[in-house]
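Quick notes on the structure that follows.
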Amino acid sequence: MAGSLPKGPAAMPLQSKFPDLGLTIFSRMSTLAAETGAINLSQGFPDFACDAALLDGVNAALQAGHNQYAPMPGLPLLRQAIAHKFEASAGLLVDPEREITITAGATQALYTAIATVLRAGDEAIILEPAYDSYAPAIVAQGAVPVRVSLAPPRFAVDWQAVAAAVTPRTRLIIVNNPNNPATSIFSRADLDALAGIAEQHDLLVLSDEVYEHLVFDGQQHASVLSHPQLRPRSFAVYSFGKTFHATGWKVGYCVAAPALMAEFRKLHQYLVFSVSTPMQHALAAHLQQAASWQGLAAFYQQKRDHLAAGLQAAGFTLLPSAATYFQLVDYSAIRPDLGELAFAEWLTREHGVASIPVSAFYADGRDHHIVRFCFAKQQQTLDAAIS
């Protein structure tokens, strides 16, 4: 027929790299919360506005004409502001020119570091329960995730088990400190143990530190960047979305020694090239106000304590929450007959509050009767959930 497209051979079917991956648990529970009208304490995002001064800064940058590509590593002003923050918060000296790259959120930074380090056939150790982006990024390189499990209630790392998981093909250890979802933090002894393993086997380290400022009860965050043996072999990843209540902006950054960062940037420039220019201008100005990040621990600790009291009154058993903006609870005293996913769905449908089953953060789906609630919410949201 005139004008019709020619018939060609049947399209070759695409062989999935991720045949076992489906909708994330975050999307699944948020969708269920929306369908049922439940209060969404599942996905980790604030339901309150970020600082008005930060929004004004974006508008000012837009109006000033900062609407074209930023430099590939990020605005020099922002990288300098980040370096000043490291010095003020932890006494760390970081070279803004050679050691910091601005990324399209922490997830892009994590993926870029993983893709920079791993080749097909390599192995990377991850600690479970693990944030869900690590393993797919490893598999996408043709590499193999090797999992070491942490056990509740404190999810302490068994470093002997980590050392036993190292093989001649191991190239990278990925850690999350503070840990989401475990809400635990590393001690200096943990960093020493990690450094010993990394040095013995000449491994690189990727440290997801996006909750660096959300550490409670007077404890301090210990970064891999503060450890002399880990600093030369580590990538550390951070998130402005987590720090400034603006997860939708998707702006983060990676810090690494110059030799590592040079390789990171080779791939970064072809993944995103550069990140939103007006947001970078606004963030650079906002970082100059130290109170914008220095008060976060107290701000979120009040929310943690408020939700924790309500959860305990409702019959849940609290697990320690040393950091992040999540609270883990054991629901065995309420519905011991239900597995974690079934309980989360039951709680959403029957009681109008959405949570996340911690089993979703283990590859084997192991069930400890524990769910996770997010307390990065307005007081009225938390009160409604408690009621």
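A simple rule links phi to the HN-Hα coupling: the Karplus curve 6.51 cos²θ - 1.76 cosθ + 1.60 with θ = phi - 60°, which for segment 176-187 gives 10, 9, x, 8, 10, x, 5, 6, 9, 10, 7, 8 Hz, with x for Gly and Pro.
Each of residue 378 and residue 36 was given a label point 7 Å from its Cα along the Cα-to-Cβ line. The distance between the two points is 2.3 nm. Pairwise Cα distances in segment 139-182 exceed 12 Å in 68 percent of cases.
With contacts taken as Cα pairs under 8 Å at a separation of at least 6 residues, the chain carries a relative contact order of 25 percent. The distance from the alpha carbon centre of segment 219-266 to that of segment 318-360 is 31 Å, rounded to a whole number. Count Lys and Arg as plus one, Asp and Glu as minus one, and take only other residues whose Cβ is under 12 Å from that of residue 193; the net charge is then -3. The coefficient of translational diffusion for segment 275-387, derived via Stokes-Einstein from the alpha carbon Kirkwood radius under 4 °C and 1.567 mPa s, stands at 82 µm²/s.
Across the alpha-carbon atoms of segment 165-215, the computed radius of gyration and Dmax are 11.9, 36 angstrom. Legend: Rg and Dmax of the chain, from Cα coordinates, 21.7, 77 Å. Shape summary: segment 98-141 maps onto an equivalent ellipsoid whose semi-axes, from the alpha-carbon gyration tensor, are 19, 14, 9 Å in decreasing order.
Reported to the nearest whole Å, the Cα centre-to-centre distance from segment 181-216 to segment 117-154 is 15.
Counted as membrane-span-like here are DSSP H helices of the chain whose alpha-carbon atoms extend 24 Å or more along the helix's own axis and whose Kyte-Doolittle mean is -1.0 or above; these are 296-313. Entry comment: accessible area of segment 39-125 is 44 Å² per residue, from protein heavy atoms only and a probe of 1.4 Å. Taking springs between alpha-carbon atoms closer than 10 angstrom, which of 174, 356, 39 fluctuates most in the Gaussian network model of the chain? Comparing 174, 356, 39 in the GNM, the peak value goes to 39.
Here is the size of segment 1-120 from its Cα atoms: Rg then Dmax, 22.9, 75 Å. Spacing of the modelled spin labels on residue 271 and residue 48, each 7 Å from Cα toward Cβ, amounts to 3.2 nm. Accessible surface computed residue by residue for segment 254-365, with neighbouring protein chains in place and a 1.4 Å probe, gives 40 Å² per residue.
Its Cα gyration tensor gives segment 148-290 an equivalent ellipsoid, and the semi-axes of that ellipsoid, as √(5λ) in whole Å with the largest first, are 28, 20, 13. Taking each residue as 0.36 nm, the span from residue 26 to residue 201 lengthens on full extension beyond its C-alpha to C-alpha distance by 59.4 nm. Exceedance of the 29 Å cut-off in Cα-Cα distance is limited, within the set 17/377; 85/303; 85/250; 17/303, to 17/377; 17/303. Compared with the rule-of-thumb size 2.2 N^0.38 Å for a compact globular protein, segment 199-255 has a Cα radius of gyration ratio of 1.29.
The values are calculated or read from the model by the stated rules, or taken from the named source; none is laboratory data. Predicted, not measured: the structure shown is a model, and the values here were computed from it. When we count neighbours, we look across all protein chains shown, and the Cβ atoms used for this are built from the backbone with ideal geometry, even at glycine. Protein only, heavy atoms only, side chains kept; ligands, DNA and RNA dropped before computing areas. Shrake-Rupley method; radii C 1.70, N 1.55, O 1.52, S 1.80 Å.
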